[in-house]
Amino acid sequence: MATSIRKNPVKAPATPAPRRRLSPAERERQIVEGAVRFFSEHGLDGQLRDLARELGITHTLLYHYFPTKQALIERVYADLFAARWDEEWERLLDDKALEVEVKLTRFYTKYAKRILERDWVRVFVFSGLSDRYITDRYFALLGEKLFPRLVRESRRYLGVPNRSKPTPREMELLMGLHGSIFYMGLRRWVYGLEQPGSKTDPFDEVFVHDRVHGYLQTLPEVFGHGAKPRAAGRISRRKLA
């Protein structure tokens, strides 16, 4: 007598739950956040058709919200770069009660923790390799809000009451400080390297302070024309807090 094999009934495929229709504001936010991730992976030369595919929307719908690629890049700049600037940093740098070494260390520690995250660093680098729209605008922001304050504080550290325009050599030294802070994010998010031999926060104030201290010790030759800094000693970690 043949033995029949009992088969489990084939279940009909489950009907996928209908997608919730996004409001215009939610859809726009989805596109902008997706664009940030997309550009951080593929660069600003990435094609919008590919972005639409990754977002699961049509190319036509994408263009409904952002008629041009430039319009989308401008929105990415506004949300990812301009919106992250904290006016509290300006008040910190303008605080005359703080020693220069303390305030520069506090500022750059806060700056690094807020600014130097993955998407920010990678989009910034890709922009520099593309049309430089984002990098040019961001450096213009720094030229207005940050660099004049750093020049002022550098001269204050030396006791040099000089309000003249900074020389190219002064600006090059200052950019060296700023670039050394940016390198902390570049090393992590572009090169894939963590802080060597350390499991601490890569933007820990100790690492920031080392860069600030080295910068300040170079100032007399470049900024001060032979002037000596008011306080050449190391600042304790307790004082930085």
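The values are calculated or read from the model by the stated rules, or taken from the named source; none is laboratory data. As the structure is a prediction and not an experimental result, all values here were calculated from the model. Here Cβ is always computed from backbone atoms with ideal geometry, including for glycine, and neighbour counts include all displayed protein chains.
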Of all residues in the stretch 165-216 being under 15 Å from LYS110 (Cβ atoms), of a type outside the set (D, E, K, R) and part of a loop (DSSP other than H, G, I, E, B), which is modelled with the highest pLDDT?
PHE203
For the stretch 26-52, pairs from a residue that is assigned to a helix (DSSP H, G or I) to a residue that is of a type in the set (Ser, Thr, Tyr), with Cβ under 6 Å and 6 or more apart or across chains, are GLU28/TYR65; ILE31/TYR65
So the check is Cβ under 8 Å with 6+ separation or different chains; which pairs have a first residue in the stretch 102-114 that's closer than 10 Å to VAL208 by Cα and a second one that's of a type in the set (Phe, Trp, Tyr) and not in a helix (DSSP H, G or I)?
THR109/PHE203; ALA112/PHE203
Within the stretch 75-118, considering residues that are outside any loop (DSSP other than H, G, I, E, B), touching a Phe, Trp or Tyr at 6+ places or on another chain (Cβ under 8 Å) and among the charged types (D, E, K, R), the one surrounded by the most Cβ atoms within 10 Å (Cβ to Cβ)
GLU101
Quick one: which residue in LEU146, LEU98, LEU150, LEU80 is in contact with an Asp or Glu (Cβ under 9 Å, 6 or more places away or on another chain), more than 27 Å from GLY192 (Cα to Cα) and of a type outside the set (Asp, Glu)?
LEU146
PHE66 vs. criteria modelled with pLDDT of 95 or more, closer than 26 Å to TRP189 by Cβ and over 20 Å from the mean Cα position of the chain (by Cα)
yes
Just to be sure before I move on: is GLU153 of a type in the set (Asp, Glu), part of a helix (DSSP H, G or I) and either surrounded by 14 or more Cβ atoms within 10 Å (Cβ to Cβ) or at pLDDT below 95 (or both) in the structure I sent?
yes
Of residues in the stretch 125-150 being surrounded by fewer than 15 Cβ atoms within 10 Å (Cβ to Cβ) and not in a helix (DSSP H, G or I), the one modelled with the lowest pLDDT:
ASP131
